[in-house]
Amino acid sequence: MSRWLNDILCKDSLAKDDLVQLLSVNEGIETEAVLEHASRVRNTFTGKKIYVRGLIEFSNICKKNCLYCGVRGSNPFAERYELSKAQIIELAGAASVAGYTSLVLQSGERNDNAFARKVEEVVAKIKQASVGKTGITLSCGEQSEETYKRWFDAGAHRYLLRVESSGTRLYNKIHPSDGKHDHQVRINALESLKKIGYQVGTGVMIGLPFQKVEDMADDLVFMKSVEADMVGMGPYIEHYHTPLYPFTPLLKSPEERLRLSLLMIAVLRVYMKNINIASSTALDALDPNGRMKAVFAGANILMPNLTPADCREKYDIYKDKPVLREAEELIAKATGTFKKNGLELCMEEWGDSPAYKSRVHLPEANIRNNSALK
Ligand code: 5AD
Ligand code: SF4
């Protein structure tokens, strides 16, 4: 590895200029060196276990209109679906039988009372049915502090809310200015979640039109400044029925977006050593092994999709979403590949973020809802 690269990677703390330099390395040997270094950092700081979350996309109904997203409320071509309470609870039960102890319940954004109540009841039922064993992460967008609190009290303990882009300039380019997409409101929501006691995850898209390497470095600085416990980020992938589609000629090639996404994960791992980093589904849309590659770039969370196949097709946020890869297939493949590389796929532990534990000054044993921690 070149001396200058090694020197940056081994610094105690990285300044924005360092991040820009790391995100600007050439493809090939330099990129590989950063990814390998990040993988070793992960082994040291969060361990060699790769934790699993079963993802249930329970509804694609969304009142928002993010300019990049295929399930945006005003896309008339999106076929809407919503799983019933009973269906979600049944899926969670089946997941538990299959060995999952951590679930992510994700949906489009709605703020009506019926929705808030439904999520609250589903969370409470899943906790009750699993005698507290199932750890629940929610990802249902911006909500009032009161709603977040109700869901937390019902038993959810982690929440994912991607900021999508940390810079207001870029955020405003990829969201409509209709009063429903306010960057500051989104950032405030992250603060509310932290205040309530959630382990909080955020993230961004990589390879967006208009996005520069400085924007990406700012994204990483943002994640540190909000003390994210977890991050999920992946490549932007164009969707035909979205207002951002005409900007497709501005995009980097799929190969380059994949490389940049892996690099971004790796640089984040070097920058925030003890957080949980998810390997996002969108990576698989660019490369059938995209999610596995992210683990070898420093990610430590894998999220097999447990949404029933007919609904999964409708959760069509970007084109070529890998709908057919089954959870069992991913688990089997990951188990084998990880073993060969000294890693272990771990389903039976929650794998809460070590960063959260140090943020709230809790020894591991005291973490809320930790009955499944071994
Ligand atoms: N490409 C990649 N990711 C997308 N998301 C939404 N639309 C796209 C797209 N076109 C991501 C957003 C959102 C998550 C649910 O899906 O980051 O937070
Ligand atoms: Fe809705 Fe999320 Fe898509 Fe935005 S990204 S339109 S909030 S589902």
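Among the numbered criteria (1) within 14 Å of ligand 1 (Cβ to nearest atom); (2) over 26 Å from Glu164 (Cα atoms), which one does Thr101 miss?
So the condition that Thr101 fails would be (1).
Filter segment 140-162 down to residues that are closer than 17 Å to Ile301 by Cβ and free of Cβ contacts under 8 Å to residues at least 60 places away in the same chain, then give me how many there are. Please lay out each step first, then the result.
Filtering segment 140-162 down to residues closer than 17 Å to Ile301 by Cβ leaves 156-162.
If we keep only those that are free of Cβ contacts under 8 Å to residues at least 60 places away in the same chain too, we end up with 156, 159, 161.
Selection size over segment 140-162: 3.
Looking only at segment 170-189, which residues are exposed (fewer than 15 other Cβ atoms within 10 Å of the Cβ), touching a residue at least 40 places away in the same chain (Cβ under 8 Å) and assigned to a helix (DSSP H, G or I)?
Correct list: Val185 only.
Can you tell me how many residues within segment 132-149 are surrounded by 19 or more Cβ atoms within 10 Å (Cβ to Cβ), away from ligand 1 (no atom under 14 Å from the Cβ) and either at positive phi or not in a strand (DSSP E or B) (or both)?
Adding up the residues that qualify gives 4.
Looking at segment 291-312 only, could you name the residues that are of a type in the set (Gly, Ala, Ser) and modelled with pLDDT of 95 or more? Steps first, answer last, please.
Kept after step one, since they are of a type in the set (Gly, Ala, Ser), are these residues of segment 291-312: 294, 297-299, 309.
Across segment 291-312, the qualifying residues are Ala294, Ala297, Gly298, Ala299.
Could you tell me whether Ala129 is at pLDDT below 95 and on the phi < 0 side of the Ramachandran plot?
Working: at pLDDT below 95: no; on the phi < 0 side of the Ramachandran plot: yes.
So Ala129 does not fit the description; no.
Against the condition more than 16 Å from ligand 1 (Cβ to nearest atom), open to solvent by less than 30 Å² (accessible area, probe 1.4 Å) and under 30 Å from Lys339 (Cα atoms), how does Val295 come out, does it pass? Show your work before the answer.
Details: more than 16 Å from ligand 1 (Cβ to nearest atom): yes; open to solvent by less than 30 Å² (accessible area, probe 1.4 Å): yes; under 30 Å from Lys339 (Cα atoms): yes.
Yes.
Just checking, how many residues over segment 190-207 are under 18 Å from the mean Cα position of the chain (by Cα), open to solvent by 10 Å² or more (accessible area, probe 1.4 Å) and among the hydrophobic types (A, V, I, L, M, F, W, C)?
1
Taking only pairs six or more apart or across chains, which ones have beta-carbon atoms under 6 Å, a first residue in segment 253-267 that is more than 21 Å from Met223 (Cβ to Cβ) and at pLDDT 95 or above, and a second residue that is open to solvent by 20 Å² or more (accessible area, probe 1.4 Å) and of a type in the set (A, V, I, L, M)?
Listed by first residue and then by second, the contacts come to Pro254/Leu286.
Residue pairs, Cβ under 9 Å, 6 or more apart or interchain, first in segment 25-54 and in a strand (DSSP E or B), second among the acidic types (Asp, Glu). List them.
Qualifying pairs under 9 Å: Lys49/Glu344; Lys49/Glu349; Ile50/Glu344; Tyr51/Glu349; Tyr51/Asp352.
Mind listing whichever residues of segment 82-106 are under 22 Å from the mean Cα position of the chain (by Cα) and open to solvent by 10 Å² or more (accessible area, probe 1.4 Å)?
Answer for segment 82-106, where residues must be under 22 Å from the mean Cα position of the chain (by Cα) and open to solvent by 10 Å² or more (accessible area, probe 1.4 Å): Glu82, Leu91, Ser96, Gly99, Tyr100, Thr101, Gln106.
For (1) touching a helix residue (DSSP H, G or I) at 6+ places or on another chain (Cβ under 6 Å); (2) more than 16 Å from ligand 2 (Cβ to nearest atom); (3) modelled with pLDDT under 95; (4) open to solvent by less than 40 Å² (accessible area, probe 1.4 Å), each residue gets a yes or a no:
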residue: Val25; (1), (2), (3), (4): yes, yes, no, yes
residue: Glu32; (1), (2), (3), (4): no, yes, no, no
residue: Arg53; (1), (2), (3), (4): no, yes, no, yes
residue: Asn60; (1), (2), (3), (4): yes, no, no, yes
residue: Gly70; (1), (2), (3), (4): no, no, no, yes
residue: Gly73; (1), (2), (3), (4): no, no, no, yes
residue: Ala78; (1), (2), (3), (4): no, no, yes, yes
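Return the pairs, sorted by first residue and then second, in which the second residue is near ligand 2 (Cβ under 6 Å from one of its atoms) and open to solvent by less than 20 Å² (accessible area, probe 1.4 Å), the first residue lies in segment 58-71 and is of a type in the set (A, V, I, L, M, F, W, C), the beta carbons are less than 6 Å apart, and the residues are 6+ apart or on different chains.
Qualifying pairs under 6 Å: Ile61/Gly108; Cys62/Val71; Cys62/Gly108; Cys62/Glu109; Val71/Gly108.
What tally of residues in segment 153-169 results from selecting those that are of a type in the set (D, E, K, R) and open to solvent by less than 10 Å² (accessible area, probe 1.4 Å)? Outline the logic, then answer.
Going residue by residue through segment 153-169, those that are of a type in the set (D, E, K, R) are 153, 158, 162, 164, 169.
Subsequent filtering for residues that are open to solvent by less than 10 Å² (accessible area, probe 1.4 Å) retains 158.
Looking only at that region, the number is 1.
The values are calculated or read from the model by the stated rules, or taken from the named source; none is laboratory data. Everything quoted here is computed from the prediction, not taken from an experiment. All Cβ positions, glycine included, derive from the backbone under ideal geometry; neighbour counts span all protein chains shown. Surface accessibility is based on the protein's heavy atoms, side chains included, excluding ligands, DNA and RNA. Shrake-Rupley method; radii C 1.70, N 1.55, O 1.52, S 1.80 Å.
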